[in-house]
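One structure is given below, encoded as structure tokens.
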Amino acid sequence: MADTKKKNLLLFFDRPTEPCFMQKGDEKAVFEIPDHYYPEKYQSLSNSLSNRFGNDASRSIPIRNIALPNLDVPKQLPYNDQFSVFLPTHREMAGRLIDIFLGMRDIDDLTSILSYCQLHINPYMFNYCLSVALLHRDDTKGLNIPTLTETFPDKFMDPKVFRRAREATSVAKTGPRIPVTISQNLTASDREPEQRVAYFREDIAINLHHWHWHLVYPFDLTTGGIVDKDRRGELFYYMHQQIVARYNTERFCNDLPRVVMYKDFRAPIEEAYFPKLDSKVASRAWPPRFPGSIITDLDRPVEQIRIDVSEMERWRDNILQAIEENAVLMPGTTGYKMPLNPETGIDILGNIMESSILSVNRGYYGDYHNMGHVFISYVHDPDHRHLERPGVIGDSATAMRDPIFYRWHAHIDDIFQMYKNKLPPYPQDKIVYNNINVTSIKVEGPAGTNVFGTHWERSTVELGRGLDFTPRGSVLARFTHLQHEEFNYVIEVNNTSGNYAMGTVRIFMAPVFDDNGNRMTFDVQRKLMIELDKFTHGLKQGVNTIRRRSLDSSVTIPYERSFRNQLNRQGTAGNQSVAEFDFCGCGWPHHLLIPKGTTRGYPVTLFVMFSNWNDDRVAQDLVGSCNDAASYCGIRDRQYPDKRAMGYPFDRPAAPDVKNLQNFITENMAITDCTIRFTDEIRDRKQ
């Protein structure tokens, strides 16, 4: 009975723009809502609506009539509007609604308030708040929260897909249907150079990753512990730093220069972006950004935004001053400045940069990262005179599609790097693992020794849950994405300590040459190091051979977790392994673990390091926890599983005499030259 009540909550994700008094799910379940829950336009029809949809329902779900909390704040967002976690007013509305959902005393009360809110609250915001609440309530952690591709596929694909899907459902009202194909070259022609990396920016799973990360790490909630997760600010820095490093490598593979930081707010944004998306809820096309657009002061009463560009510049200067002084100004009149120490400084800065309730002196350091998204998203209509909605960079589920996302985050990362550059180089005793000698690392796979093979892969994703046209049933979309051939790392290590030793194995990859064809210096290359894996491993006395599968990466989640079909999931809501599954939905998509490479073979350096596990380890119980994609997402209800700074040992500059990676290598490290060879062919995914 308890499991059934929990599973009823998932029906609120089914056809989210249809009222919840209509039949939900394949089982045709109906919520029996109190008359006064109906919106005003349905009030006079409540009895007939109840009879119409309830008569042939296979199951009725009675709704407890509770005293409704004050919902004035979340109701301020119009029902048919866009929603953005980057907008302060929207965050306030969502924070209030999430707190209400988290505060419901039991599943029955939660179901009741959800049935009311589904009819009265903006569907995008409702979906976000419901997802965050179910992810963090103790009594709902075992629920299989649908990904946004299932509930709002309009955020990820061309509206032509839905027209063809309607045609497919009309032809085959029941049974198997012909999958709809999504064009690989969706938003621009080959005349646009940025289109060369559209496969990365517009990848469905990469945008799902960004959306899911913000579900796990919300901004503004009063409920304790949900925002204040372990090393949240540092994780914001590192996850986005890795995105920029990966994007730059993809650019190099496609003969494009390193991404240019967007830091001069008075300069034009040269790149245009035409998203080719429609908003299902707002019934509007997502607006484009034309080449040469310049951000200007915002005055949009509908979002309660009135802010000058100069305010962004003031916040930036205040943050830079804190880095220069290595201390942040605390609120109050005393002028006290809190030092930024090497252990927690990056975390404090991360929480300032992505403003949240954890930010110190929010009034002084402002809302820099989020408002950067907002300013750019309204560049086409800064004063709302044309009644336009924000561009795609204003939504966490669509932001990574736009080239300006990477220019903005390159600037954000550059500010973090200013702080990191002030830290002293790691001394030898923080780098060397005595008596542990890594003699070699190599890669074995179908492409050959020390060769990573990549190609295109055609896969399918289920859209049926989010499409509100009838008849019901499976609606599959077929799309093409980058994929790599699976491989094994083979690491040779000699333990001469005379004792059994535990180590943390850290594997990174980086380009060899910059965009001008010059071999990189260490300081340039270290910022382009892509984390591929991190794991612990025991070493017996003498020579050890370690084999590690690429499938076991600590960075990625498998395809099945990015595009899971909830209806086919095994397990129940009370199962602990299932309870961890939704948190595990956060992770870098495995098919993008390795950059694209080139047909002639793109040169990269593969790096491995053994560090002393006794210096790395965090004492905690990880039984039953999802920790296979912890590098970018952390572990739910646990500490980050590595005491070291994220990105160690490349997060700090090296000693002045270290000119290249070879100079940096100590006996507990090894490097090898590899190539990424791309085969320009499409292979169908093996299901």
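The values are calculated or read from the model by the stated rules, or taken from the named source; none is laboratory data. Computed from a prediction, not measured in an experiment: that's the story for all the values here. As a convention, Cβ positions derive from the backbone with ideal geometry for all residues, glycine included, and neighbour counts pool all protein chains shown. All accessible areas refer to the heavy atoms of the entire protein, side chains included, with ligands and DNA or RNA removed. Shrake-Rupley method; radii C 1.70, N 1.55, O 1.52, S 1.80 Å.
Worth pointing out:
- Degrees separating the helix 107-120 axis from the principal Cα axis of the chain, which is the longest one: 80
- If you take all other residues with their beta carbon under 14 Å from the beta carbon of MET520, and give Lys and Arg +1 and Asp and Glu -1, the sum is +1.
- The alpha-carbon of LYS420 sits under 27 angstrom from the alpha-carbons of these lysines, leaving out residues fewer than 8 places away in its chain: LYS229, LYS263, LYS337, LYS430, LYS527, LYS534, LYS643, LYS659.
- Enclosing the Cα atoms of the stretch 488-546 in their convex hull gives a volume equal to 113 cubic angstrom per residue.
- For the stretch 1-141, the alpha carbon positions stretch 44, 34, 28 Å along the principal axes, listed from largest to smallest.
- Average accessible surface for the stretch 174-326: 40 Å² per residue, computed with a 1.4 Å probe over protein heavy atoms with every protein chain in place.
- Our summary of shape: the Cα atoms of the stretch 296-385 have principal axis extents of 46, 26, 22 Å, ordered from largest down, in whole angstrom.
- Selection of GluC sites (Glu not before Pro), the stretch 1-41, meeting DSSP coil and at most 11 other Cβ within 10 Å: GLU27
- Divide the volume of the convex hull around the Cα atoms of the stretch 193-422 by the residue count and you get 140 Å³ per residue.
- Along the chain, counting only trypsin sites (Lys or Arg not before Pro) with a DSSP assignment other than H, G, I, E or B and at most 12 other Cβ atoms inside a 10 Å radius, the longest segment between sites is 386-539.
- Euclidean distance between Cα centres, the stretch 485-543 to the stretch 252-296, Å: 36
- Non-local Lys pairs in the stretch 1-141, i.e. 8 or more apart or on different chains, that have alpha carbons under 27 Å apart: 19
- Between helix 88-103 and the chain: long-axis angle, C-alpha atoms, 0 to 90°, nearest 10: 80
- Mean Cα-pair separation over length for the stretch 193-422, i.e. relative contact order, pairs under 8 Å, 6 or more apart, %: 29
- Selection of GluC sites (Glu not before Pro), the stretch 404-513, meeting DSSP coil and at most 15 other Cβ within 10 Å: GLU486
- Across the stretch 263-308, counting alpha-carbon atoms alone, Rg and Dmax equal 13.3, 34 Å.
- Of all accessible heavy-atom area on the chain, the percent that carbon and sulfur account for (1.4 Å): 49
- Taking a sphere under 15 Å around the Cβ of MET125 and counting the other residues whose Cβ falls inside, with K and R at +1 and D and E at -1, yields a net charge of -1.
- Over the stretch 334-472, the reciprocal of the mean inverse Cα-Cα separation, the Kirkwood hydrodynamic radius, stands at 20.8 Å.
- Cα-Cα P(r), the stretch 418-529, percent of pairs per 10 Å interval: 9, 21, 26, 21, 13, 8, 2
- Exposed loop sites were defined as chymotrypsin sites (Phe, Trp or Tyr not before Pro) in DSSP loop states (anything but H, G, I, E or B) carrying at most 12 other C-beta atoms within 10 Å; in the chain the longest segment without such a site runs 1-335.
- Based on DSSP H segments of at least four residues, each scored -39500 (n - 2.57), the chain has a per-residue ellipticity at 222 nm of -8500 deg cm²/dmol.
- Å² of accessible area per residue within the stretch 1-141, as computed with a 1.4 Å probe and no ligands counted: 40
- Where only alpha carbons of the chain are counted, the Rg and the Dmax (Å): 25.5, 83
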